[in-house]
């Protein structure tokens, strides 16, 4: 039985979602399927780090109080969002929407 607060034997994490545990048990019988599984796991990790960076930079932007710091933080967030949109991690429309909302926030600090 899996305990919710037990450390994972495979990766050392303290908890996994049910979906992640199911992925750990997935053992394809076909070579191409196992390669596909490896590729998807790599891509998933890469995408998670990018999404995390977007959230982190957005939070740091929203915590700034001066207009100059906010403008600099906005440039960083916009750059990360553009890159993520270009690579397909977030959709182009979602990136544009977030940038628009953040730009509105930055301009409100300038007033």
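Pairs are defined by a Cβ separation below 8 Å, a sequence spacing of at least 6 or placement on different chains, a first member in the stretch 38-50 that is over 15 Å from residue 84 (Cβ atoms), and a second member that is at pLDDT below 95; the pairs so defined are 41/23. Of everything in the stretch 68-82 that is touching a helix residue (DSSP H, G or I) at 6+ places or on another chain (Cβ under 8 Å) and surrounded by fewer than 17 Cβ atoms within 10 Å (Cβ to Cβ), the residue that is nearest to residue 107 (Cα to Cα) is 71. Quick one: is residue 102 exposed (fewer than 14 other Cβ atoms within 10 Å of the Cβ) and in contact (Cβ under 8 Å) with a residue 12 or more places away in the chain? No: the conditions fail for residue 102.
In summary, residue 52 fulfils each of the numbered conditions (1) more than 29 Å from residue 111 (Cβ to Cβ); (2) in contact with a helix residue (DSSP H, G or I) (Cβ under 6 Å, 6 or more places away or on another chain); (3) not in a loop (DSSP other than H, G, I, E, B) with the single exception of condition (2).
The values are calculated or read from the model by the stated rules, or taken from the named source; none is laboratory data. It should be emphasised that the depicted structure is a prediction, and the values quoted were computed from it without experimental measurement. Cβ atoms come from the backbone with ideal geometry, glycine included; neighbour counts cover every protein chain shown.
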